[in-house]
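Only one structure is covered here, and it is reproduced in the block below.
The values are calculated or read from the model by the stated rules, or taken from the named source; none is laboratory data. The model shown is predicted, which means the values in this text are computed figures rather than measured ones. Every residue, glycine as well, gets a Cβ built from its backbone with ideal geometry; the counts of neighbours run over all protein chains shown.
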């Protein structure tokens, strides 16, 4: 995994990035689960470095989509490196599909407890956030379009109140990848590890209030697809 160089980055809209991903998977025959593994591994490396050897647990919050799948990969690598890791899933496990489900199943086969977030359990969750080394935000990705509501909104609010360093996966949950503005509410991250190309919304100076330090990492998509997005 390599971080982007010093040259001016090319920014892409979420739709452009989605087309690049789809072309890489459908035409270049790179399995989506491989891209997910590369993405999750890169986030793990950033989380591991941020912990700096501190013996504190990591809380990984996952949604039901591919962003959540990246989070499951992060959790697996943290656990394999003997870091106390707690995984929280917002939404029913039965509705997790595709590559995300593949990585959820791997954790389940490893015997990892998947904590299902409920409204009733939010007070306990708030207490668990008081002692952690880092929170990994893998709730919502760049495909989000409407305003964040319901349980996702409440969990994001708790994350922002926790006072714990936050590492966002690809984009802070709730941030519009096209405009850089929060969709009602957004995770406020200390660092965002975004994949392959920075998102158009990150050009908005106000977006840095939510992304924190921005790292752009290569996840294995062929370079020519990134320089000429497929329509």
Task: Which numbered condition residue 94 fails, given (1) closer than 19 Å to residue 168 by Cα; (2) at pLDDT below 95 - done: (1)
- [ ] Scan region 188-204 and report the pairs whose first residue is at positive phi and in contact (Cβ under 8 Å) with a residue 24 or more places away in the chain and whose second residue is surrounded by fewer than 22 Cβ atoms within 10 Å (Cβ to Cβ) and in a strand (DSSP E or B), with Cβ atoms within less than 8 Å and a gap of 6+ or a chain change.
- [x] 196/216; 196/217
- [ ] Go over the candidates 97, 130, 119 one by one and state the one that is in contact with a helix residue (DSSP H, G or I) (Cβ under 7 Å, 6 or more places away or on another chain) and under 27 Å from residue 153 (Cβ atoms).
- [x] 119
- [ ] With the condition kept exactly as written, say whether any residue in region 69-80 is in contact (Cβ under 8 Å) with a residue 40 or more places away in the chain and surrounded by fewer than 23 Cβ atoms within 10 Å (Cβ to Cβ).
- [x] no
Open item on the list: Being under 13 Å from residue 225 (Cα atoms), touching a helix residue (DSSP H, G or I) at 6+ places or on another chain (Cβ under 7 Å) and in contact (Cβ under 8 Å) with a residue 40 or more places away in the chain is the filter here; which residues of region 22-61 pass it?
Closed with: 23, 24, 30
